[in-house]
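The values are calculated or read from the model by the stated rules, or taken from the named source; none is laboratory data. These numbers were taken from a predicted model, which means no experiment stands behind them. Counting neighbours? That spans all protein chains shown, and the Cβs are built from the backbone with ideal geometry, glycine included. In case anyone asks, the SASA skips ligands and DNA or RNA and just uses the protein heavy atoms, side chains included. Shrake-Rupley method; radii C 1.70, N 1.55, O 1.52, S 1.80 Å.
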Amino acid sequence: MIEELQETIQRPPKLRTRAVNLYYGAHHALRDVTMDIPACAITAIIGPSGCGKSTLLRLFNRMNDLIPSCRIDGEVLLDDLSLYHKSVDVATVRQRVGMVFQKPNVFPMSIYDNIVTGPKRLGIRGKNKLDEIVERCLKQAALLHELDNLKKPALDLSPGQQQRLCIARALAVSPEVVLFDESCSALDPESTMKVEELMHELKREYTIMIVTHNMEQAVRVSDMSAFLMIGDDKVGELVEYAPTAEMFANPKDQRTSDYITGRFG
């Protein structure tokens, strides 16, 4: 396990940030964030509420663009693509970097139609091809064997199944990165376990980043962990970034130690 992680870290990173500062109007939300995200690994973002975890996650698929007052300085790269360069197509970014949100947000349509919506927007029309995509994605989301009718309304599924359907839908456009924003926080323990097992399977092909408030979950699923907190000037900052096992066993910063041991947060 340790040797495998070392090999992963030594490969060129999939995502990079360089001196990223993010502002909401006059509010400075993130300060000077620099980090390399390894490919085909799970990176957890942890920290107390309001420190900028979800804001950092949303940098990588430009979801912050939806907030009119948002401004970003610095550089964010996917491989060698500068994601915020003026020539970059945002739709292409969001195809390459998928996202699964805190609560399941299935569309009010059938299970099948939920998954094929993205591929159809990319111009895929053949029924055989769409059927292949649906079957592949439901298998990847460990959901296919639980379903007997793909024409069933997606809203009839349990919350845990709906969240895995959202994962399948994200995979349908063949992303390279999948972002999970507290995607287990609304699920029961059994459903959470299934999603965590799924993350382990998916990291063989995809780069995964998660935001979580659950320290045990970060330890269970992630290879790398980034700890954020709010400084004295109320700005979110990256305090420590390291392999998860190393950070939790021997944190380098006292603030990290205080947080993961429950002294604050």
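With θ taken as phi - 60° and the Karplus curve 6.51 cos²θ - 1.76 cosθ + 1.60 applied, the whole-hertz 3J(HN,Hα) list for the stretch 209-223 is 10, 10, 9, 8, 8, 8, 5, 4, 5, 4, 5, 5, 10, 9, 8 Hz, x standing for glycine and proline.
The eigenvalues of the Cα gyration tensor, multiplied by 5 and square-rooted, give the stretch 1-95 an equivalent ellipsoid with semi-axes of 24, 17, 11 Å from largest to smallest. Express the carbon and sulfur contribution to the solvent-accessible surface of the chain as a percent, rounded to the nearest whole number, probe 1.4 angstrom. With neighbouring chains kept in place, the figure for the chain is 51 percent. Per-residue Karplus couplings for the stretch 10-19, computed as 6.51 cos²θ - 1.76 cosθ + 1.60 with θ equal to phi - 60°, are listed in order as 6, 6, x, x, 7, 10, 9, 10, 9, 6 Hz, Gly and Pro entered as x.
Sparse packing (at most 14 other Cβ atoms within 10 Å of the Cβ) combined with a DSSP loop state is found for the following trypsin sites (Lys or Arg not before Pro) in the stretch 149-236: Lys151, Arg204, Lys234. Using the Karplus relation 6.51 cos²θ - 1.76 cosθ + 1.60 with θ = phi - 60°, the per-residue 3J(HN,Hα) values for the stretch 67-83 come to 9, x, 7, 6, 9, 10, 10, x, 10, 10, 10, 10, 6, 9, 8, 7, 5 Hz, with x marking Gly and Pro. Let me have the 222 nm mean residue ellipticity of the chain computed from DSSP H runs of 4+ only, each contributing -39500 (n - 2.57), with the sum over all residues rounded to the nearest 500. It comes out at -10500 deg cm²/dmol, rounded to the nearest 500. Projected onto its three principal axes, the C-alpha set of the chain covers 54, 42, 34 Å, listed from the longest axis down.
Counting only protein heavy atoms and a 1.4 Å probe, the chain has 48 square angstrom of accessible area per residue.
Extending 7 Å from the Cα toward the beta-carbon at both Tyr24 and Met109 defines two label points whose distance is 3.2 nm. Where both bridge residues fall in the chain, DSSP classifies roughly 55% of the beta bridges as antiparallel. DSSP beta bridges confined to the stretch 110-265 are antiparallel in about 60 percent of cases. When Rg and the Kirkwood radius Rh are both evaluated on Cα atoms of the stretch 36-146, their ratio Rg/Rh stands at 1.00.
Here, the stretch 158-265 yields an orientationally averaged convex hull projection of 7.7 nm² when only Cα atoms define the hull. Overall shape: oblate for the stretch 136-210, with the ratio a/c of the largest to smallest alpha carbon gyration tensor axis at 1.5 or above and b/c at least equal to a/b.
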